[in-house]
1. Please go through region B:410-438 and give me each residue that is without any contact (Cβ under 8 Å) to a residue 24 or more places away in the chain and part of a helix (DSSP H, G or I), ordered by number.
2. Take region A:148-194 and flag every residue that is surrounded by 15 or more Cβ atoms within 10 Å (Cβ to Cβ) and in a loop (DSSP other than H, G, I, E, B).
3. Looking only at region B:167-185, count how many residues are in a strand (DSSP E or B) and touching a helix residue (DSSP H, G or I) at 6+ places or on another chain (Cβ under 8 Å).
4. Residues being in contact (Cβ under 8 Å) with a residue 24 or more places away in the chain and in a loop (DSSP other than H, G, I, E, B): count how many of those fall in region A:60-88.
5. Would you pick out the residues in region A:49-76 that are surrounded by 14 or more Cβ atoms within 10 Å (Cβ to Cβ) and touching a Ser or Thr at 6+ places or on another chain (Cβ under 6 Å)?
6. Do you know which residues across region B:306-347 are charged (D, E, K, R) and farther than 30 Å from B:Ala181 by Cα?
7. Within region B:61-97, how many residues turn out to be part of a helix (DSSP H, G or I) and at the interface with chain A (Cβ under 8 Å from one of its Cβ atoms)?
8. Just give me the residues in region B:183-228 being aromatic (Phe, Trp, Tyr) and within 17 Å of B:Ser240 (Cα to Cα), in sequence order.
Amino acid sequence: MMAQQLDAPRAAGPKAPLLSSRARRWLGNGLAYLVMTALAFIVMIPLFWMLSTSLKARWEIFAWPPQWIPETLHWENYREAFTKYPMGRFMLNSAFLVVVNVIGELLAVPLIAYGFARLRFPGRNVLFVLMLATMMIPGHIKLIPLFAIYHRLNMIDTYWPLVLPAFFGNPFFIFLMVQYIKTLPRDLDEAARMDGAGTWTILYRIILPLCKPPLTIILVYTFWWTWNEFLHPLIYLNSFDKFPVQVGLAFFKGRYSVEWNLFMAATLVSILPILILYFFVQRQLIGGIASVGLKG
Amino acid sequence: MRKSMLFVTLLLSLIIVLAGCTAAPAGQQPAAEQPAGEEAAAAGEPVTIDWWTVNSEEYSEEVQKAMVAEFEASHPNIKVNMTVLPESGFSDKMTTALGAGQGAPDVAFFWDNNWFPEALDLTPYIEADPNFDPSMYFEGFWNTRAVWQDKVVGLPLGVGAQFVMYNKDVFDEAGVAYPGADWTTEDFITMSTQLMDPDVKRWGGDRPRRPFRAIWFNYGAHPYSDDSMTVDGYLNGPESVAAYTWLWDLVQSGSTPTPADIEVLGTEGTGPVDLFLAGRLAMATLNQGHMLNAVKAGANFGVVPEPQVEGHERYVNAWSLTSSIWKGTEHPDEAWTFLSWWVGPEGQKFLMENGNLFPSIPSVLEQYKDADQEYAQAFFDVLKLKQVSEWRIAHPCDGAVARAAGDVWDKIMLGDIERDQIQSELDAVVPAAQEALDECRDRLGG
């Protein structure tokens, strides 16, 4: 009975596939590329619009129907944006802040994280929880007390308030790195210790070389956050020639109007460093995000 | 050895990098950050005062720098350390410094009423200065932007006002006659409907951005009684119902951009000037800054006050920027010298001639270079109208009451209620509005 039932469909004979497996693979790949290209195009629309706006005359920006490609390309908008305000200077200031903050975080975070992850000392868990608790305090609440402290330290209108915190480690990065170091086998530490390595050697010769994924994340996120920082530089700096790029961009918004074409030209140039960084580190960044379980 | 070299190199590079963060040399330090003793020791040397300002269409960084140079040339005993900030960040920085009680500038805009308690009372300085006469200012702006709780907390810099700008080309194309200064709210709806053209995505006019501004006052509507005790009969009174009904008619005409349109196509809260300049908004409620943009763009436009309502007094939503001295200043005399020069006839004239400021001093405003132009005359006429601010300054709870009645506004904007429901909807929000008024009155000490 069972054999008959099983045989029944076979009697009709197997249907020959409409397409060969190679053609199916080609079709599948083609469809996937088509969908991904369409999605990429949709994601890129704001960037295209920025580029288009940056090359328009002011009256064309809100014209109907919208013009994706301006009749005349106003490349001089870029020159005007960079001469109206010293955007080059602002970008250099931002670059300086990025470099110092990255150095600070890369020096401080592994040290602190290693301590929490590997060393045993009284009050370690309490300290760790306290450190995590600082992440829960909204930044705006700390603004006035921090301003008062930095003012008393005579650090207003200097870059100190913008770089000093990095040398004490960002709690988020410390947490990230602690969790990552905990996943590394302790056998490695013990083997090194048996070979005569001290704590510093274990950290710098054994642990850190294995921590490329979280270190890449620290590098990229510090770059990104510092480059896009607006509020703190605005609060702590007074001198026009010390402002970073985000404060500089804000000058394009006046009381009564925004010079959209110049603003877009300056913004487009200002995001180039982040785009370039992403192209260089995207492989490590995606690998890092996957390995430390971080999703933005 | 290699490790030591690496360590030393790292340390040295760190020191070099951090050296870039160091404070400016003492000579470049803002005076407020130097110890008071240091100042005293340098007796006879010029006193440096800190001044925070913004970069705007009315006074660019270059123009203000030149103004400071002119001031310093005539006042060699005072140096002005100017900090130019972006418009969008000024409030955050001022609020932080005033909140910290330190690091605030000697002189700055105090454009937020919440900062007034931190401003120095200028009354003794005005009384002691024979060259300073408060009556030189427009009386309305002096009353609304200089005097607060019987104290003079600042001086009013420049004037601004809202009015309706209309695109003459669009009017000509549609064959509609230009509005006159005596036009009414009903004319506004009629013209807006005639001027709209969905085929070219053009709207006839724009909607008010909030209730109880000029048009509500033109209807004689107030959110509550003059003694700040009663909402019933005011918020839901016949004048208020008439104003809300006018809004309902305007929204239902379909000739105006929705709040969402304005949000998307407007300009970062600065008004729909770009839509107007692109010819997509035939009439727009804008201000003198937008007007100068239109002049610069070569637009063919006219200016009229916001429409009136027959039988009622006419109002304008106008303003000036309160410029004050921080009460924590260590140099009040020098700060007063600078403030009274900057916001006095000399400073305002400089900013008018070299920038785009419309001065708050009539005798200086008369010297405006394009004073004979049609648009300038229309703007000057608008400034003569009674100001909404006069009522608002005396009734600081109007925002709280209007917020409590926000549902009615939203429903009309979204087309969620019928015309004959406006009265009942306003009646329904009266208890919440009264509660908001009572709470606000108690909070402000009655």
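The values are calculated or read from the model by the stated rules, or taken from the named source; none is laboratory data. None of these values were measured; they are calculated from a predicted model. All Cβ positions, glycine included, derive from the backbone under ideal geometry; neighbour counts span all protein chains shown.
1. B:Asp410, B:Lys411, B:Leu414, B:Asp420, B:Gln421, B:Ser424, B:Glu425, B:Ala428, B:Pro431, B:Asp438
2. Answer for region A:148-194, where residues must be surrounded by 15 or more Cβ atoms within 10 Å (Cβ to Cβ) and in a loop (DSSP other than H, G, I, E, B): A:Met155, A:Ile156, A:Asp157, A:Thr158, A:Tyr159, A:Gly169, A:Asn170, A:Leu184.
3. Kept after step one, since they are in a strand (DSSP E or B), are these residues of region B:167-185: B:167, B:184.
Within this subset, residues satisfying the condition of being touching a helix residue (DSSP H, G or I) at 6+ places or on another chain (Cβ under 8 Å) are B:167.
Selection size over region B:167-185: 1.
4. 4
5. Once the filter is applied, which keeps residues that are surrounded by 14 or more Cβ atoms within 10 Å (Cβ to Cβ) and touching a Ser or Thr at 6+ places or on another chain (Cβ under 6 Å), region A:49-76 yields only A:Ile61.
6. Result: B:Lys327, B:Glu330, B:Asp333, B:Glu334, B:Glu346.
7. 8
8. B:Phe212, B:Trp216, B:Phe217, B:Tyr219, B:Tyr224
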